[in-house]
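Undergrad: Okay, here's the structure, questions in a sec.
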Amino acid sequence: MSYDVGDDRFFEVVRRQRAHRSFSSEPLHDDVIARLLQAATCAPSAENRQPWVFVVVREPELRQAICGIYLRAWEGGARAISTKRLDQGLLKQVDEGARGGLASAPVIVVVCGDSQRGNPRALAASVYPAVQNLLLAATACGLGSALTTLAVNEPGGIARILRLPDHVLPMVVVPIGRPSRTLGPSRREPFESKTYRDTFGEPW
C-alpha cells in the first residue's frame, strides 16, 4: 500500500523557515501582506472563534517606538539572561536585532488576541497557530520574519502606541521584510531524540 507523503514544496518551506532579525529597506506592497495575512487566518482556533487581530505597522515612528520597547526589555534584563543561555553567534544576532535590526523591517505585524471572542484562556492556542502560518507564508514568498514576544511584556506599551482597546491584547511582534543576508539551514535535533512510541521512554 502506498501513502501520500505530501507536497515536497511545503516541506522545503518548513525547512527554510528561519528567524530573521535584519532586513533590507525594500518596501512590501499591500497585496503581499494581504496574502500573508490570508494564510494566517487559515489557522485553527479554539471553537473557531478566530480571535486574532493584526495591526500592520508601516509608519517609521511607530516601528521605532515598538522596537524601543523591545530594546528596553532586552537591556533591562533579557540580555543578561540570554548571555548565559545562547551561543555567541546567536547572541550577536539577537543583540543586533534589538539595536536596530528589527526596526529595519518595512513592516511590523503586531498580532493580538481579542479577549471578547471566546475564552480568554484559549487565546494563545488560537493566536500562535496563526502566527506560525504567517511565518511560513513569509518564507514561501522569499521574505524574512521572526516571532518575538519581548516587546509585548511592557505593561501598556504597545497597547498605548497602537491605541488598542482593553480587550485586544498584544501577543506577538512579527517583523517582515526582505532579508539583508542569507541565513544557513536551521539547526535542529533529530525528531527521534524527542519522540516516543505509545509511552514515554519507548524509542520511536
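Undergrad: Between T83, T148, T139, where does the largest GNM mean-square fluctuation fall for the chain, given springs only between Cα atoms within less than 10 Å?
TA: T83
Undergrad: Once every Cα of segment 97-179 carries one equal point scatterer and solvent is ignored, give the base-10 log of I(q)/I(0) from the Debye formula at q = 0.16, 0.18 Å⁻¹, two decimals.
TA: Debye output, listed in q order: -0.64, -0.80.
Undergrad: Pick from C141, C112, C67: which residue has the top mean-square fluctuation in a GNM of the chain where Cα pairs under 10 Å get a spring?
TA: Fluctuation is largest for C141.
Undergrad: Kindly provide the helix-only [θ] at 222 nm of the chain, computed as the sum of -39,500 (n - 2.57) over DSSP H runs of four or more divided by all residues, to the nearest 500 deg cm²/dmol?
TA: Helix-only estimate at 222 nm: -10500 deg cm²/dmol.
Undergrad: Can I ask one more? From the Cα trace of segment 38-172, what convex hull volume per residue do you get, rounded to a whole Å³?
TA: Measuring per residue, one finds 117 Å³ for the Cα hull of segment 38-172.
Undergrad: Which is farthest toward the positive dipole end of segment 63-204 among L136, I161, G184, measuring Cα position about the Cα centre, with Cβ charges +1 (Lys, Arg) and -1 (Asp, Glu)?
TA: I161
Undergrad: Sticking with this one: Any chance you could run the full-extension gain for L90 through R58? It's 0.36 nm times the residue separation minus the Cα-Cα distance, nm to one decimal.
TA: Details: separation 32, 0.36 × 32 = 11.52 nm, distance 2.71 nm.
Contour length minus the Cα-Cα distance gives 8.8 nm.
Undergrad: Quick one: among S22, S45, S186, which has the greatest mean-square fluctuation in a GNM of the chain with alpha-carbon springs under 10 angstrom?
TA: S186
Undergrad: Place a +1 charge on the Cβ of each Lys and Arg in segment 82-204 and a -1 charge on the Cβ of each Asp and Glu, then give the dipole magnitude about the Cα centre in debye, rounded to the nearest 20. Provide the component values of the computation, followed by the final result.
TA: Numbers: 14 positive and 10 negative charges, 56 e Å.
Value, rounded to 20: 260 debye.
Quick note: the coordinates plus some simple rules give every number you see, no bench work behind them. What you are looking at is a predicted structure, and each value in this text was computed from that prediction instead of being measured. So basically every Cβ, Gly included, is an ideal-geometry build from the backbone, and we count neighbours across all protein chains shown.
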